[in-house]
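Remarks on the structure that follows.
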Amino acid sequence: MTERENIVGEAPLEIVLERDSPRADKALMPFFSEWSRSRVQTLFSEGRVWRDDAALAKKKSVRAGDVLTVYLPPERVSALQPVALPLAVLYEDADLLVINKDAGRVVHPGSGTGEDTLAHGLLHHCGPALAEVGSPERPGIVHRLDKDTTGVMAVAKSPRAYRRLVETFSERRCEKAYAALARGVPEAVEGEVCEPVGRHPVQRYRMAVVSGGRPALSRWRVAESFSDRFSLLDVAIHTGRTHQIRVHMAWLGHPLAGDTVYGYRARPGDPPFPRVMLHARRLAFAHPVTAAPMEFTAPPPDDLQAACAALRTLS
């Protein structure tokens, strides 16, 4: 049991409950409407919520009139420093930011990254309050794009938006469509891949179609073909697995142009590809606060357009 005198933090907050609840954490949520559910539950796991003379478990029932004493933790300070980075803003309000991510930009810090990730730039653009939204190392991040992938990406600017956007993406209540330049031309005009994706059993830096992986569904359609050498695909994903499109298209025998990790190898006459040719062209979802339908699109970046133009001359 956590002793009160050992709890480090701000002055205690006393809350009088107005109604019965089968779970203490649910009863506390309305008093911390700007917090995520996991953050409220952390108060319980750290022994910061007390009733009478004992720390209260999150699953304990509570009654109207109970007085809960909450020992708030010290204010979180993000380890990230704001960095001025170029951001192509497609939409912004008090709760939501939608950007057109550039190529070569890592979304959040990790092993070997510097202080030029998208997270650093978001802190500079949105201000220090963003450090309180989600994880301190991933402020506002509810989904991500690979370093080389360009296109539409949504960011939560407030805790309430973060909580609802996380639910939206995890429950697949959004529409995501990509433009992908792939080696070769599929035999059919359209199709789908419904194969599980998981960590490669030997090469751990890669993902792969593996037995026991997480379910993954990608639907594709040929938007344009360049003789039999390459094809521009419109790909809609109904799950959000790591490297999903790259893995699924490689499994079909059509690795993405420039994707040497998943099987692309340059051939004589191929134009140069500076990166993996993948672009998040469309994202649709309900606004996390107003519930209004939102749809955002981003045109293909210059390098993808240049690659397609070069391939047309070879067709």
Under-5 Å amide H pairs with Tyr264, H placed in peptide plane, nonlocal only = Asp259
query = Mind listing the phi-derived Karplus ³J(HN,Hα) values for the range 236-252, rounded to whole Hz, using 6.51, -1.76 and 1.60 with θ = phi - 60°, and x for any glycine or proline?
reply = 9, 10, 10, 9, x, 6, 4, 6, 4, 5, 4, 5, 5, 5, 5, 5, 6
message = Going by amide H atoms built from the backbone, whose H comes under 5 Å of the H on Ala286, apart from near neighbours?
response = Met294
ask   = How high is the FRET efficiency between Ala84 and Cys194 when r is their beta carbon distance and R₀ equals 51 Å, given to the nearest 0.05?
value = 0.75
remark   = Taking the alpha-carbon centre of each part, the distance from the range 93-156 to the range 163-191 in Å is 20 Å
ask   = Where does the chain land on Rg(C-alpha)/(2.2 N^0.38 Å)?
value = 1.20
note = Going from the fewest other Cβ atoms within 10 Å to the most, one would list Trp220, Trp35 as Trp35, Trp220
inquiry  = Under the 0.36 nm per residue contour assumption, what length would be gained going from the current alpha-carbon distance of Ile15 and Asp102 to full extension?
reply    = 26.7 nm
query = From the backbone phi of the range 190-199, what are the Karplus-calculated ³J(HN,Hα) couplings (6.51 cos²θ - 1.76 cosθ + 1.60, θ = phi - 60°) in whole Hz, Gly and Pro given as x?
reply = 8, x, 8, 10, 10, 10, x, 10, x, 5
note = With -39,500 (n - 2.57) per DSSP H segment of 4 or more residues and division by the full residue count of the chain, the 222 nm estimate, nearest 500 deg cm²/dmol, is -5000 deg cm²/dmol
ask   = At Leu72 and Val289, where each label point lies 7 Å from the Cα along Cα→Cβ, what is the point-to-point distance in nanometres?
value = 2.0 nm
Highest-first arrangement of 140-153, 299-312, where packing means the average Cβ count within 10 Å = 140-153, 299-312
inquiry  = For the ranges 19-28, 263-272, 208-217, 230-239, what's the packing order if you count other beta-carbon atoms within 10 Å of each residue, average per peptide, and put the highest first?
reply    = 230-239, 19-28, 208-217, 263-272
request  = Would you pull out the residues with amide H under 5 Å of Ala216's amide H, same chain only if 5 or more places away, H placed 1.01 Å from N?
outcome  = Glu195, Val197
query = What order do you get for Ser135, Ser227 when you list them from fewest to most C-beta neighbours inside 10 Å?
reply = Ser227, Ser135
request  = Measure nothing but the geometry: give the 0 to 90° angle between the long axis through the Cα atoms of 302-314 and the longest principal axis through the Cα atoms of the chain, rounded to 10°.
outcome  = 20 degrees
Burial ranking of peptide ranges 93-101, 283-291 (average Cβ count within 10 Å, highest at the top) = 93-101, 283-291
task = Report ³J(HN,Hα) in whole Hz for each residue of the range 277-283, in order, from the Karplus equation J = 6.51 cos²θ - 1.76 cosθ + 1.60 where θ = phi - 60°; Gly and Pro get x.
result = 7, 9, 9, 7, 8, 8, 9
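Rule-based calculations on the coordinates, nothing more; no lab input. From a predicted model like this one, the values you see are computed outputs, not experimental measurements. Counting neighbours? That spans all protein chains shown, and the Cβs are built from the backbone with ideal geometry, glycine included.
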